[in-house]
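The values are calculated or read from the model by the stated rules, or taken from the named source; none is laboratory data. Note that the structure is predicted; figures quoted are calculated from it, not measured. Ideal geometry is used to build each Cβ from the backbone, glycine not excepted, and the neighbour counts take in all protein chains shown. Accessible surface areas use protein heavy atoms only, side chains included; no ligands, DNA or RNA. Shrake-Rupley method; radii C 1.70, N 1.55, O 1.52, S 1.80 Å.
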Amino acid sequence: MTDTTQPTTPTDGFVYAPAPQATDVVDIRSSYGLFIDGEFVAPEGDGFRKTVNPATEEVLAEVADASPADVQRAVAAARRAQTEVWGPMPGSERAKYLYRIARLIAERSRELAVLETIDNGKPIRESRDSDLPLVSAHFFYYAGWADKLGYAGYGPDPQPLGVAGQIIPWNFPLLMAAWKLAPALATGNTVVLKPAETTPLTALHLAEIIQQADLPPGVVNIITGAGETGQALVDADVDKVAFTGSTAVGKAIQRSVAGTAKSLTLELGGKAANIVFDDAPLDQAIEGIVNGIFFNQGHVCCAGSRLLVQESIAEPLMERLRTRLSTLRLGDPLDKNTDIGAINSAEQLERITALASAGEEEGATRWSPACDLPDRGYWFPPTIFSDASQSMRIAREEIFGPVLTTMTFRTPDEAVAKANNTPYGLSAGVWTDKGSRILWMAQQLKAGVVWSNTFNRFDPTSPFGGYKESGFGREGGRQGLAPYLEVTI
Ligand code: NDP
């Protein structure tokens, strides 16, 4: 069912002049090789694939497809660098390289933010103000640990695992690279990193920064390609596999490494409940709901994709939410006024479209504000479903798009039962005036992160990770060192 009570024009009353970000700050090459042993090299086969700007469908560059032989080459380079150079190097020396990388990222942050926006589709406001500051902060933070590992609580002289194979998704391409690389390098591991096939460019520019920082050859290798390249990396002679992505691929990887000596961490999907009690500060909660699900077009594993509202305030809250959504600006991701950018790929758009249609077919009420979608590129309007029930696909499956599923509850116990009624357990949000209720809810919710009166807050000092089908292992904080050290926790 579609709710037709929508405004016909954006309703915030302001007319914004275009505020385009200049793109000449970044030099995109027409073709990128593989970054192995400190150099960009041609792949052994002749495979290349194109990466496009999802906001325009324009081809940006061609990027090498790493074959299993290329993966072996990268792992061999990482092995040599680990045993001969990086492993034996004192932590205080490793720290200097990490600080240098962090500073170079900060210096080149506008260039990287623009590149991220062009390759991913996310608004420049987010890549500039959220992703990039966190990327350099991660390197700064873990640089600080490199010479203090003996004080991290993992024994007096914890040792690195060796070579880490790291596979990252397309939703926060550079940030996920930082989450993976910084703790691995700080702890004395070397790395082979595979970015997602639709968003390889910022990782490849990070390779240039790694060269600029004079990191010894082979310490970081970046190989591009599709799922088969990721699978080859999982199967290669690595000591550790770190994966962020879908639960289905995470499970397949877990099966592949079962019975081997490889250590594994998985950061997978989510279906987070964002829970609003009747005593919550409503204006603040509205901003948290919007940030929770429409940040990064909802391509966020910890997105607050299930809104649970206490029944007594459901109506006024939904009205305010609709009014607020009507002020969001969807369009050119390079415009500094844009709130909602492009969907990352045609495949992801298809998946979001199919799940939203399933929501209508199953009887939920669908609403989107009036908004013109650009003619080219991949776009989906911010969408809210109300009258949803827990059995519907939109309440159970990760949509990974700008789609919010709303349900109501009457008591705190019911809120907890509904919030935990999911195979996932990555994050949750609680909005209430009562501190005791926040603490009680945080204890009841089976989620790795529980935000209270805020949402989607990240800091390198804070561990992040899931329960149940959201995966295992933690990234960030002191805890984020453990998956890269020979420790039992
Ligand atoms: P995937 O899990 O397929 O992709 C994540 C990474 O794994 C990519 O680098 C991918 O490469 C790689 N990969 C794919 N297959 C394999 C394999 N068999 N072995 C090793 N690595 C592999 O996610 P999708 O991009 O297909 O997205 C599908 C859904 O997953 C989304 O709709 C969303 O629901 C969820 N998702 C969740 C994320 C999260 O952070 N929790 C992140 C991304 C997606 P390639 O890009 O070349 O396929």
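General observations
- Basic side chains Lys and Arg get +1 at the Cβ, acidic Asp and Glu get -1 at the Cβ, and with that the dipole of region 100-146 about its Cα centre reaches some 160 debye.
- In terms of accessible area, using a 1.4 Å probe and ignoring ligands and nucleic acids, Ser462, Ser30 rank largest first as Ser30, Ser462.
- Sparse-neighbourhood loop sites, GluC sites (Glu not before Pro) in region 317-379 - DSSP loop, at most 16 other Cβ within 10 angstrom: Glu362
- Scaling against 2.2 N^0.38 Å puts the C-alpha radius of gyration of region 21-91 at 1.47.
- Start at zero, step by 20 Å, and the Cα-Cα distances of the chain spread as 25, 56, 20, 0 percent across the bins.
- Only helices enter the 222 nm calculation for the chain: every DSSP H run of n ≥ 4 contributes -39,500 (n - 2.57), and dividing by all residues gives -10500 deg cm²/dmol, rounded to 500.
- Principal-axis tilt of helix 68-81 within the chain, Cα atoms, nearest 10 degrees: 70
- Normalised per residue, the accessible area of region 118-167 is 32 Å², obtained with a 1.4 Å probe and no contribution from ligands, DNA or RNA.
- Distant-in-sequence amide H partners of Gly269 (H built 1.01 Å from N, under 5 Å): Thr247
- Euclidean distance between Cα centres, region 455-487 to region 67-95, Å: 24
- For region 16-137, diffusion coefficient by Stokes-Einstein and Kirkwood Rh (Cα), 20 °C, 1.002 mPa s, µm²/s: 126
- Cα convex hull of region 256-318 - mean projected area over all directions, nm²: 6.3
- Note on region 264-365: Rg/Rh from C-alpha atoms, Kirkwood Rh, equals 0.99.
- Of the cross-linked pairs Lys122/Lys240; Lys96/Lys122; Lys194/Lys468; Lys122/Lys194; Lys194/Lys251, those separated by over 22 Å at the C-alpha level are Lys122/Lys240; Lys96/Lys122; Lys194/Lys468.
- Vicinal HN-Hα couplings computed from phi for region 260-273 (Karplus, 6.51 cos²θ - 1.76 cosθ + 1.60; Hz; Gly/Pro x): 9, 8, 6, 8, 9, 10, 10, 10, 10, x, x, 8, 5, 8
- Nearest 10 degrees, 0 to 90: helix 346-361 Cα axis against the chain principal axis: 30
- Averaged per residue, region 350-489 has 43 square angstrom of accessible surface, using a 1.4 angstrom probe with ligands and nucleic acids left out.
- Kirkwood Rh (inverse of mean 1/r, distinct Cα pairs), region 281-431, angstrom: 15.7
- Of all accessible heavy-atom area on region 46-126, the percent that carbon and sulfur account for (1.4 Å): 50
- Calculated from the alpha-carbon coordinates, region 198-310 shows an Rg and a Dmax of 19.4, 57 Å respectively.
- The long axis of helix 435-444 is offset from the longest Cα principal axis of the chain by roughly 60 degrees.
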